[in-house]
């Protein structure tokens, strides 16, 4: 909840100070009058602190689950901890190096995860646990309705991947000449 209000404050301050000129990542803004952006610097420091706090909080359960799955134990020694942390951090650095445009990667991951976790898995579980056949009218309308929601999310992911490959947001440009042509070797 604290993170929500923290990011809401940054987003609100960024929007209300720059309106329609607000960049996608609010903290990358340039002050209108060219002066030092003290609230932006405070926001950046706050996000750094938030990441330093959130990283161990999200890594500890992941590490415990990986140890339990691979070594069938909840206990792990310093060597195992070091190896797992090094692999995890190196993997995230590698992904960040390969895909520097984090907003597109977050869009892809968010689209895949949100749609699957919010619509796909619950629908599958409900229909599987239902006492009625999957093609009964009670289950079928759920499959069709949530199927369209899944499809919309996956199409959004497909559009983002297309934009990454071509290097252009075709939906935002009315003139084809504004967009660079896709490299035929990149596909």
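Side notes on the structure shown:
- Cβ-Cβ under 9 Å pairs, at least 6 apart or on other chains, the range 84-96 side under 16 Å from residue 61 (Cα atoms), far side modelled with pLDDT under 85 and not in a helix (DSSP H, G or I): 84/76
- Single residue of the range 113-140 satisfying the filter (assigned to a helix (DSSP H, G or I) and in contact with a helix residue (DSSP H, G or I) (Cβ under 6 Å, 6 or more places away or on another chain)) that is nearest to residue 161 (Cα to Cα): 115
- Contact map, the range 106-120: residues that are closer than 8 Å to residue 150 by Cβ paired with residues that are at pLDDT below 85 and in a helix (DSSP H, G or I), Cβ distance under 6 Å, separation 6+ or inter-chain. No pairs are found.
- Every residue from the range 8-33 that is modelled with pLDDT under 70 and surrounded by fewer than 10 Cβ atoms within 10 Å (Cβ to Cβ): 16, 19, 20, 24
- Residues satisfying the stated conditions in the range 115-143, i.e. under 26 Å from the mean Cα position of the chain (by Cα) and loosely packed, with under 13 Cβ neighbours inside 10 Å: 117, 121, 125
- Just so you know, in the range 152-168 the residues that are in contact (Cβ under 8 Å) with a residue 40 or more places away in the chain and closer than 12 Å to residue 107 by Cβ include one that is surrounded by the fewest Cβ atoms within 10 Å (Cβ to Cβ), and it is 161.
- Residues satisfying the criterion are absent from the range 37-53 (criterion: farther than 22 Å from residue 100 by Cβ, assigned to a helix (DSSP H, G or I), under 24 Å from the mean Cα position of the chain (by Cα) and at pLDDT below 70).
- Residues considered: 62, 80, 92. Of these, the only one that is in a helix (DSSP H, G or I) and at pLDDT 80 or above is 80.
The values are calculated or read from the model by the stated rules, or taken from the named source; none is laboratory data. No experiment lies behind these values; they were computed from the predicted model shown. Ideal geometry is used to build each Cβ from the backbone, glycine not excepted, and the neighbour counts take in all protein chains shown.
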